[in-house]
Each structure stands twice: as structure tokens, then as C-alpha cells.
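Working notes for the structure below.
What follows is calculated from the coordinates using simple rules that are stated; it is not laboratory data. Predicted model, so just to flag it, every value in this text is computed and none were measured. Don't worry about glycine lacking a Cβ; one is built from the backbone with ideal geometry, like all the others, and counts go over all protein chains shown.
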């Protein structure tokens with residue numbers, strides 16, 4: 001007679017967390033555990049796997065409220081440190097996207113398109129406790145008579161400030177090369193001519209959505225690590241592709257799943273919330289995200305046993321193909337090959353350069369592991385599934 005297969009519930013795992021008995025591994029540790037003991041034993045012995053990533057996530061931003069002071073105002077236009085915010089929400093609500101650019105960045109006067117400061121940097125400044133300059137303009141109404149407002153504000157001054165990110169944690173992404181004869185400037189960083197570099201992102205085996213590729217446990221209401229504080233998954237992100245080509249492990253072969261997330265900025269740590277800028281392209285935000293994966297059964301043990309060698313990523317030409325919407329894959333190296341610093345494309349050796357920090361991704365996974373082991377972070381049930389097919 002075969003042994004009964006392991007089946008757990010999130011409720012049972014949370015009870016083990018409360019009692020200090022839960023076995024928690026980070027995703028790299030789980031990959032080794034599944035290799036050494038097999039998925040059946042790993043499913044019995046491990047309760048939670050923690051994941052992490054730290055990477056530029058352009059589809060991010062801050063939803064906030066500046067509060068009122070007499071006489072009150074209905075803001076029509078708003079800027080923070082001269083970065084335009086979208087104020088078409090309510091009287092003093094606004095949204096700041098991380099790729100929004102400064103109206104008069106002095107660097108642009110020297111080198112147009114260089115872009116030093118943007119929305120992502122404002123968000124980092126606020127999380128660091130720095131003051132930023134608030135500027136508002138209104139046309140004035142009987143109920144909102146004030147027409148101008150200008151002052152310094154800190155994160156503590158804002159009654160409400162949350163990261164509300166439409167699309168984070170891409171499940172796989174392009175490896176960018178440039179087959180033209182000139183350097184080009186992209187959101188994947190500068191790409192040298194004639195394929196002299198290949199820039200890539202994500203955290204490989206640590207990356208959250210590689211560890212639950214079919215979204216069995218990640219969905220609306222999943223509690224996560226976001227920017228050093230607690231956040232929540234709101235559902236599928238914009239550009240979520242639920243029907244990718246997959247390999248034998250169920251992993252997507254090209255950019256696929258994404259998630260929408262939110263979290264209170266007042267609980268975040270600037271180490272995991274970093275404004276970044278790309279010469280000739282613009283600004284963004286590098287963000288730390290970690291998601292706990294409950295090991296409910298052998299299938300989840302198998303999924304979280306994914307290694308860098310199991311993951312392959314498509315190489316795409318950003319010089320000719322990407323700008324013209326041409327979907328051509330030049331090569332499909334593994335993440336392990338990318339981490340080696342060199343890949344082969346069309347028979348040529350190309351230097352591979354990461355945009356993500358594997359070191360900080362592991363740090364995120366370890367911090368989340370510590371939170372769970374201490375009993376201060378419990379898992380949540382997804383209230384709505386994210387489509388995977």
C-alpha cells in the first residue's frame with residue numbers, strides 16, 4: 001500500500017506558526033531540499049517557503065491624500081518636488097507614478113533625455129522621512145475657495161499614503177539585447193550596439209511567481225512583504241497573460257503573470273524602496289517584494305523546488321524588434337546561464353548584466369522568513385484566484 005499523500009490547509013499551517021513549530025525555508029533552501037529529499041518528504045517536512053525579489057517595477061506609484069487646512073482647496077494641479085501628480089480624483093487625493101519626470105531637472109539642460117529625478121525618487125525621499133515640496137493650484141469654488149497651496153510635507157504629514165502598484169513581480173521577462181549599430185537607451189538600461197550586452201531582470205528561483213506558477217495560493221487578499229512593510233495582493237496586474245507557453249515544470253517561457261499590490265508606506269523601509277533612473281529613458285522604482293508560499297501538498301513542494309537551471313528566459317532585440325511589435329525570440333537561456341555572466345545568442349558570446357539585486361532579493365526572503373518564524377506574520381487565504389489558464 002502506498003503512503004498517503006500530504007495535504008495541509010493554511011489554517012493548520014498558521015496554527016503551527018502560532019506555536020512556533022512551523023518549518024520555514026527560503027526558496028533557494030527549498031530548491032535544495034526538494035533535490036535532496038524529493039517532493040513527497042519535502043511536502044511533509046516544510047510548511048512555508050518564502051520568496052523575494054528586488055527589481056525595477058515601473059508600473060508602481062503612490063496614492064495619497066494631503067489633508068485640508070482652512071480655507072480648504074479642491075486641487076486641480078499638484079506637484080511634489082516639481083514632479084507632476086494626477087489630481088483628478090477628489091479634493092485633495094492624488095496619485096504619483098514612479099516614471100513621472102521632473103519638469104526642470106537641471107541634468108536635462110546638459111543632456112536632454114538624461115533624467116536624474118522622478119516619481120520613484122520622491123517616493124523614496126518620503127519613505128526616508130525627508131521633506132518634499134508640495135505645490136497645488138485650483139480654480140476655486142464656493143465650497144473650496146483656496147486657489148494656491150505651497151509648503152513642505154513629510155510622509156508623517158500625509159493622512160494617507162500607500163503604494164498602489166498596478167503591475168509588479170513579472171513572472172519571467174525579456175532578456176534585452178540590441179542588434180543595431182548604435183547604443184540605445186531603454187527601460188532595460190543602455191544596450192550597446194551589435195549585442196555587446198544582454199540585460200535581464202527578476203530573481204530566478206527566489207522570484208515569487210516562479211514558485212507558484214499556476215497561482216494556486218497567490219490571489220486577492222494574499223498577505224505579502226512590500227517595501228519592507230506589510231502589503232496585500234489585489235489580484236492580477238495589468239498586462240497579466242494567463243495563457244503563456246510553458247515548459248515541463250509549468251514555468252512560462254516568456255513574460256506572463258503579474259500582480260497588483262498595495263501597502264502602507266508609513267510601515268516601509270527605504271532599503272527596499274529605491275528611486276532609480278535610466279540615462280536616456282527616465283525614472284522608475286526598485287522595490288522589494290516577498291510572498292510566502294504555503295506547502296499544501298506535493299505539487300506545491302514541487303513548484304517551490306524550482307531552481308535557476310529550470311527557468312528559461314527569452315532574448316529579445318530591443319533595437320529592431322521590440323519597438324516595432326515584432327515577437328521574435330533569439331535564444332532561450334536559463335537563469336543559471338544568465339547568472340554566470342555570459343550567454344550564447346546566434347552563436348555569439350554576450351555579456352549578461354542583471355538589473356535586479358539577487359542579494360537584496362534573498363534578504364527580503366530571509367526577513368519574511370524571520371517574521372513568520374517569530375509568529376508576527378500569518379498566512380492568508382486568497383479570496384479570488386488569479387487566472388493561470
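General remarks:
- Helix 27-45 axis, angle to the chain major axis (alpha carbon atoms, nearest 10°): 50 degrees
- Footprinting exposure proxy ranking of 9, 99, fewest other C-beta atoms within 10 angstrom first, gives 9, 99.
- Of 343, 123, 293, the one that fluctuates the most in a GNM where the chain has Cα springs shorter than 10 Å: 343
- Where (i) 22.4, 80; (ii) 24.0, 76; (iii) 21.5, 67 are the candidate values, the label of the one calculated here for Rg and Dmax of the Cα atoms in Å is (i).
- For segment 233-389, the gyration tensor built on C-alpha atoms gives a prolate shape. Its axis ratio a/c (a ≥ b ≥ c) is at least 1.5, and a/b is the larger of a/b and b/c.
- With a Förster radius of 22 Å applied to the beta-carbon distance between residue 72 and residue 128, the computed FRET efficiency rounds to 0.15.
- Within segment 7-105, antiparallel bridges make up roughly 75 percent of the DSSP beta bridges whose residues both belong there.
- Using the alpha carbons alone, the radius of gyration of segment 144-211 stands to its Kirkwood radius in an Rg to Rh ratio of 1.25.
- Each peptide in 168-175, 315-322, 42-49 gets a packing score, the mean of other Cβ atoms within 10 Å over its residues, and the list from highest to lowest is 168-175, 42-49, 315-322.
- Cα long-axis angle, helix 358-374 against the chain (0 to 90 degrees, to the nearest 10): 80 degrees
- Counting every other Cβ atom within 10 Å of each residue's Cβ, 143, 58 order from fewest to most as 143, 58.
- Kirkwood hydrodynamic radius over Cα pairs of segment 182-273, then Stokes diffusion coefficient at 4 °C and 1.567 mPa s, in µm²/s: 83 µm²/s
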